[in-house]
There are 4 protein chains.
Amino acid sequence: MNNFKNDYSVGAHPNILNKLIETNLVPQLGYGEDEYSAQAKDLLKQKINNFDATIYFVSGGTQTNLLVISTLLQVHEAVISAKTGHIFAHETGAIEATGHRVITVDSHDGKLKPSDIEKVLQAYSLRPHVVKPKMIYVSNSTEIGTIYNKEELEQLSEFCKTQSLLLFLDGARLGHALTAENNDLTLKDIAKLTDIFYIGGTKNGALLGEAIVFNKPHLAPEFDYALKQKGALLAKGRLLGIQFLELFKDDLYFDLAKHANKMAMKISAAVEEKGYSFLTQSTTNQIFPILPKTLISKLNEKYLFYEWAAIDETKSAIRLITSWATDETKVDEFINDLNELE
Amino acid sequence: MNNFKNDYSVGAHPNILNKLIETNLVPQLGYGEDEYSAQAKDLLKQKINNFDATIYFVSGGTQTNLLVISTLLQVHEAVISAKTGHIFAHETGAIEATGHRVITVDSHDGKLKPSDIEKVLQAYSLRPHVVKPKMIYVSNSTEIGTIYNKEELEQLSEFCKTQSLLLFLDGARLGHALTAENNDLTLKDIAKLTDIFYIGGTKNGALLGEAIVFNKPHLAPEFDYALKQKGALLAKGRLLGIQFLELFKDDLYFDLAKHANKMAMKISAAVEEKGYSFLTQSTTNQIFPILPKTLISKLNEKYLFYEWAAIDETKSAIRLITSWATDETKVDEFINDLNELE
Amino acid sequence: MNNFKNDYSVGAHPNILNKLIETNLVPQLGYGEDEYSAQAKDLLKQKINNFDATIYFVSGGTQTNLLVISTLLQVHEAVISAKTGHIFAHETGAIEATGHRVITVDSHDGKLKPSDIEKVLQAYSLRPHVVKPKMIYVSNSTEIGTIYNKEELEQLSEFCKTQSLLLFLDGARLGHALTAENNDLTLKDIAKLTDIFYIGGTKNGALLGEAIVFNKPHLAPEFDYALKQKGALLAKGRLLGIQFLELFKDDLYFDLAKHANKMAMKISAAVEEKGYSFLTQSTTNQIFPILPKTLISKLNEKYLFYEWAAIDETKSAIRLITSWATDETKVDEFINDLNELE
Amino acid sequence: MNNFKNDYSVGAHPNILNKLIETNLVPQLGYGEDEYSAQAKDLLKQKINNFDATIYFVSGGTQTNLLVISTLLQVHEAVISAKTGHIFAHETGAIEATGHRVITVDSHDGKLKPSDIEKVLQAYSLRPHVVKPKMIYVSNSTEIGTIYNKEELEQLSEFCKTQSLLLFLDGARLGHALTAENNDLTLKDIAKLTDIFYIGGTKNGALLGEAIVFNKPHLAPEFDYALKQKGALLAKGRLLGIQFLELFKDDLYFDLAKHANKMAMKISAAVEEKGYSFLTQSTTNQIFPILPKTLISKLNEKYLFYEWAAIDETKSAIRLITSWATDETKVDEFINDLNELE
């Protein structure tokens, strides 16, 4: 079956596998003290233009989110997220399991605005009978494919500063956001405008791995303890370091994301041309076309994808995801079927 | 520097890397639903001769321990461990961080006996002012290189049954235990005598990965939720499945451990011959010779290892670890230096 | 200032204080093992007609809720509540602090219906990426003054059974619910239809104290450990036992609640007669009249109460609470002012 | 049966009950905002001579300990306690349940010395594989009846400052410590030498209640949230305020403790005169005489007390506790029996 179900269905970019083989028998210190991790951190600091940043590599996004949030919040503090935010929607209560409420905001585009947060702050004002909102969690690209533009992120950043709120950006698909056609943000901007963010490897060419960036090192001076305590410190940290080293050599990371986006946008254009609409205005590698149920049934016989939401009696929205490894001939085949099948 | 500091200083056994390359672009379902993981689980069930077992793959030992213990214990229940146990000594309070006390027992050989546990049960009897001991945590091989023999494990298993205690065996170095010269246990015995155990990959040829085995599937029917919640469910679960598939093909896993043990025992024999003694009676890949401090200083210039414990004014115990990748010529070199240097 | 702000502004019913004095120097065992607690539990078992029930006394409602919920849920399980539910709205994230999500349902009347829960079960079906809903939390009377009738609670109870959900009823104001004019439930019904519930003392005549009833004793056979662990086990448990003994002697508890309701309904009738409407259809001791802001300002000079919610430019809803100790002359004075002031 | 089993077997000092009756119908704000609590806090600040202190009242000792410790420690930090410390010995893992390890020190006199702590700091130095010791927990009087003298507490305080450790003193029986014959500390000293301490009411005349004192208010600026979240904030906070107001009026608190100590010392002298020895060198209201088992059996028929520890074939240590309410005629009767029975 041709896969449009997720962006983690195959292994890693060949450069990574080659580097793993090349370095395989070079002895290294364990637990992230290896030289590849050190080099990868240096490289990332250059890319974000912040040599004071503190960087850690971990295995996955849920792990990142629970580590960052539980380390930075006091027991009575909470994090605010869009209702579509991954920490609320698809992490099995990982944040609550560390003791903190996720306060949700309904958001049609998966993004948060200062006015959304202002309402939460008002609703959570009856101290001490309510939790204290302390952190803002945003995703870029969002879980529904949209992206923040520079003005939006600047406004959010400014608002958080005035309200003493921490701004944490989930970059599980940060590459896809920063290479979208309508993007005007850079990695350096992200580092400047957020307090903490992470760069997702798993969904963009790595076997596994996310790079957590504390833009202000005083935020978590003892984060290494938390990494170990929560089972996130790999004995062979080299595995993570090597991957980020390869991904950010010659900006491979962005090339991979660009390809994923291009594949999605090609399908998107075909969907639009055919007269179908979309559930969300995505410009990245996740798109949500609204199609006739009969057509969905037929596509389902050849392609793997999620049926996302029922729209009415005859139509549903589906989710199609492309990745760095998506074969353009499969995309063309899908477009052809979209046009031919009814 | 020649490394006797740990057994995770290099990458993976070449078979694993080759298989990763071979399967790299075969699309698979995510989150452990891939066919390699399914095959690896089937293979392990054959090896342990328990087709009812439920098996999960995760990244590392601390993650395994905290997942198993926090899932199986009620809020007021505690786990009993030797003071040298990894969960007490080297996991940054991972178990307490999930809400449970680790009750420790002083043990000269790193192992637990029914009589040790009986004393704990008596000390923790003033209900409800004390926690309730509910699980026994043992490691095989232990953190100081010793192993359980069959009779010892049978007695422990029997005692746990009569006391309604769960028996959990940490097998981070299970391969080394089961291939030690004085071992009389099999993988099948382990599965029969414990309630839960795990088979460590990280320290015996894998890039990362431990296989958690619930010998009685009713013990944690919804463990998958916990895996996801604690950030332990890899999107590309194939990475873990493929490694265990390779490790247990043709019993590679045991061959690798045998080599590590053989290297350690070669050094051990030289130490003994030279008239030095040991801190612990290890028969596996971790040994703890007691050497003159002057000799330790000189060895330190060429070899990486831990100084484990001061013994007296002139002597200390060091820890030497070998692995599947230890080069015998380096071992011989070390033995030579041990004999030559003073 | 005359108080309509809460139902815990004065001390205890005199019978309770007298009994405290009478028994003051009779030595008793500590930690709830005293004879008064034993007698009070026996009395309550008679009242609920369930001699198998297990009963515990604790200090307050938040403590009760967090104890019951954290003891009964597994790490990956969640509780469903109306958005107005006390556990979500006014307990500072107490439930999340024990590791569990509170899944909320928008409810205009503060109550939950099977259809609400069905929608949650559907939304939380993507195992293992979401928490597992396992418990239903309802309040009677609700936080907005409404009550469940027998048919509603029966339907909920039946639905929970078919879905293997636990039904937990917060009875912080259970007395007020069961003595409301439109009530058709009894204490015995509550015990039969729920899995766990509690009888609130603090808001109906006690200095402090809630009685937690496990209708099915197998639900939490070791709850006493949790009580101690969470700091809820009073050394002088007699203080709680004595109070419940007095409150349920000659049904004082219900007489007190009846008085509170009567006072609220008297104001309610006056509000209605004057042509004002209500935010909620309360029949208990909390009412939410919608009044002109100018009138609210004037009332505020003489009476303590919460401004609950802005309705429009000129009107707001306020919350008035009466209690067992509310003086009818103050109620009449308030009604008079309501009619006289503009 | 005559009670020497604990110091919480009867109700409250009559002054407290009288004040409860006198103030019963005076309306007050809830949740600790009442005027009695405010007055009691002012009075305590005078007594400790620290008008910057922040004070909170809660129900009991376990609640206090878990609140203070979980609020002040980061996720990876731990508290050091004597093995006899209440948080380790008799609180059902309350501290671990909040996620933190209690690191224990063997101590023959129930007290901690700088040298004990230094050893722990050395043992817990392998960052990040071990928790970080951050707080020292001491009890005065200790759980075995001994007390700290001024020099000891000064040394401990100084050591904690140099090591950036927080010093937390459990004063469940602080009155008994400060009125012991060999005491040279004052309440003002305690406030000066510790970071946080609490004054126990439950075991010295109150129905329930402990006063938590943050000597440095910056330590927990948002502790009120934690109080509410953990279920420790009583709706009728007046109950706690009134009690401390009465206990510290005319130093009743110390008079009550003095009586308890005097009763214990009277028995102690008789035990000594009779030639028996003690398990611990107590000068407060808990004593641990070592008596022949045959004598213990006979005393057991008339008196309630704990058999604390078996000493040898023929002797055991028992624990006798006296309180503010202990009747001297019962003490004399006990002494008489001690002398008469064999």
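The values are calculated or read from the model by the stated rules, or taken from the named source; none is laboratory data. Note that the coordinates shown come from a computational prediction; the quantities given were computed from them, not determined experimentally. So basically every Cβ, Gly included, is an ideal-geometry build from the backbone, and we count neighbours across all protein chains shown. Accessible surface is based on the protein model in full, side chains and every heavy atom, while ligands, DNA and RNA are left aside. Shrake-Rupley method; radii C 1.70, N 1.55, O 1.52, S 1.80 Å.
The table that follows gives values for the structure above.
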quantity: Filter result for the condition that a residue is within 26 Å of A:Pro128 (Cβ to Cβ) and at the interface with chain D (Cβ under 8 Å from one of its Cβ atoms), over C:Val79, C:Val10; calculated: C:Val10
quantity: Unique match (being crowded, with 24+ Cβ neighbours inside 10 Å, within 14 Å of another protein chain (Cβ to nearest Cβ) and modelled with pLDDT of 95 or more) among B:Leu247, B:Leu234; calculated: B:Leu234
quantity: Contacts under 9 angstrom Cβ, first residue in the stretch C:27-43 being free of Cβ contacts under 8 Å to residues at least 60 places away in the same chain, partner of a type in the set (Ser, Thr, Tyr) and assigned to a loop (DSSP other than H, G, I, E, B), 6 or more apart; calculated: C:Pro27/D:Ser9; C:Leu29/D:Ser9
quantity: Residue within the stretch D:283-297 that is of a type in the set (Ser, Thr, Tyr), in contact with a Gly (Cβ under 8 Å, 6 or more places away or on another chain) and farther than 24 Å from B:Lys119 by Cβ present; calculated: yes
quantity: Count - residues of the stretch A:84-97 that are open to solvent by less than 10 Å² (accessible area, probe 1.4 Å) and assigned to a helix (DSSP H, G or I); calculated: 4
quantity: Test for D:Lys119: is it more than 11 Å from every other protein chain (Cβ to nearest Cβ), within 19 Å of the chain's Cα centre (by Cα) and closer than 16 Å to D:Cys160 by Cα; calculated: no
quantity: Qualifying residue in the stretch D:277-298 (condition: within 30 Å of D:Lys41 (Cβ to Cβ) and in contact with a His (Cβ under 7 Å, 6 or more places away or on another chain)); calculated: yes
quantity: Neighbours by Cβ (under 8 Å, 6+ apart or cross-chain): first from the stretch A:87-112, within 11 Å of chain C (Cβ to nearest Cβ); second among the hydroxyl-bearing types (Ser, Thr, Tyr) and part of a helix (DSSP H, G or I); calculated: A:Glu91/A:Thr62; A:Thr92/A:Thr62; A:Thr92/B:Tyr225; A:Ala94/A:Thr62; A:Ile95/A:Ser70; A:Thr98/A:Ser70; A:Gly99/A:Ser70; A:His100/A:Ser70
quantity: Qualifying helices (runs of 4 or more DSSP H) (wholly inside the stretch A:124-231; at least 1 residues being surrounded by fewer than 24 Cβ atoms within 10 Å (Cβ to Cβ)); calculated: A:150-162, A:187-193, A:223-229
quantity: B:Glu272, sole failed condition from (1) touching a strand residue (DSSP E or B) at 6+ places or on another chain (Cβ under 9 Å); (2) assigned by TED's automatic domain parsing to the domain that holds B:Lys150; (3) not small (Gly, Ala, Ser); calculated: (2)
quantity: Exclusive hit being under 18 Å from the mean Cα position of the chain (by Cα) and closer than 21 Å to A:Asn24 by Cβ, set B:Lys203, B:Lys249; calculated: B:Lys203
quantity: Count of the stretch B:18-34 residues which are surrounded by fewer than 19 Cβ atoms within 10 Å (Cβ to Cβ), within 18 Å of A:Asn24 (Cα to Cα) and at the interface with chain A (Cβ under 7 Å from one of its Cβ atoms); calculated: 2
quantity: Meets criteria (more than 18 Å from C:Gly201 (Cα to Cα) and either among the small types (Gly, Ala, Ser) or in contact with a strand residue (DSSP E or B) (Cβ under 9 Å, 6 or more places away or on another chain) (or both)) for C:Leu67; calculated: no
quantity: Residue check, C:Phe4 open to solvent by less than 40 Å² (accessible area, probe 1.4 Å), within 14 Å of chain D (Cβ to nearest Cβ), under 23 Å from B:Gln74 (Cβ atoms) and in contact (Cβ under 8 Å) with a residue 60 or more places away in the chain; calculated: no
quantity: The lone exception for D:Pro217 - which of (1) under 30 Å from D:Glu35 (Cβ atoms); (2) modelled with pLDDT of 95 or more it fails; calculated: (2)
quantity: Unique match (being within 14 Å of another protein chain (Cβ to nearest Cβ) and over 29 Å from A:Ala12 (Cβ atoms)) among A:Glu273, A:Glu301, A:Glu210, A:Glu222; calculated: A:Glu222
quantity: For A:Ser37: the one exception among (1) open to solvent by less than 20 Å² (accessible area, probe 1.4 Å); (2) not in a helix (DSSP H, G or I); calculated: (2)
quantity: Residue within the stretch A:248-270 that is part of a loop (DSSP other than H, G, I, E, B) and of a type in the set (Gly, Ala, Ser) present; calculated: no
quantity: Number of the condition not met by A:Leu72 [criteria: (1) farther than 25 Å from A:Asp224 by Cβ; (2) away from chain B (no Cβ under 14 Å)]; calculated: (1)
quantity: Some residue of the stretch C:49-57 being closer than 17 Å to C:Phe168 by Cβ, within 14 Å of chain D (Cβ to nearest Cβ), modelled with pLDDT of 95 or more and not in a strand (DSSP E or B); calculated: no
quantity: Boolean, A:Ile55 is open to solvent by less than 10 Å² (accessible area, probe 1.4 Å) and within 16 Å of the chain's Cα centre (by Cα); calculated: no
quantity: Index of the failed condition, D:Asn285 passing every other in (1) open to solvent by less than 60 Å² (accessible area, probe 1.4 Å); (2) over 22 Å from D:Asp312 (Cα atoms); (3) more than 17 Å from the chain's Cα centre (by Cα); calculated: (3)
quantity: Residue in the stretch B:250-272 that is buried (at least 24 other Cβ atoms within 10 Å of the Cβ) and among the β-branched types (Val, Ile, Thr) present; calculated: no
quantity: Neighbours by Cβ (under 7 Å, 6+ apart or cross-chain): first from the stretch B:166-177, modelled with pLDDT of 95 or more; second basic (Lys, Arg); calculated: B:Leu166/B:Lys134; B:Ala172/B:Lys203; B:Arg173/B:Lys203
quantity: Residue within the stretch A:59-71 that is touching a residue at least 12 places away in the same chain (Cβ under 8 Å) and open to solvent by 30 Å² or more (accessible area, probe 1.4 Å) present; calculated: no
quantity: Filter result (surrounded by fewer than 20 Cβ atoms within 10 Å (Cβ to Cβ) and either of a type outside the set (A, V, I, L, M, F, W, C) or not assigned by TED's automatic domain parsing to the domain that holds C:Lys262 (or both)) within the stretch C:317-337; calculated: C:Asp327, C:Glu328, C:Thr329, C:Lys330, C:Asp332, C:Glu333, C:Asn336, C:Asp337
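For every residue, the table says whether it meets (1) at positive phi; (2) open to solvent by less than 20 Å² (accessible area, probe 1.4 Å).
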{"position": "C:His13", "(1), (2)": "no, no"}
{"position": "C:Lys41", "(1), (2)": "no, no"}
{"position": "C:His76", "(1), (2)": "no, yes"}
{"position": "C:Ala82", "(1), (2)": "no, yes"}
{"position": "C:Gly99", "(1), (2)": "yes, yes"}
{"position": "C:Val105", "(1), (2)": "no, yes"}
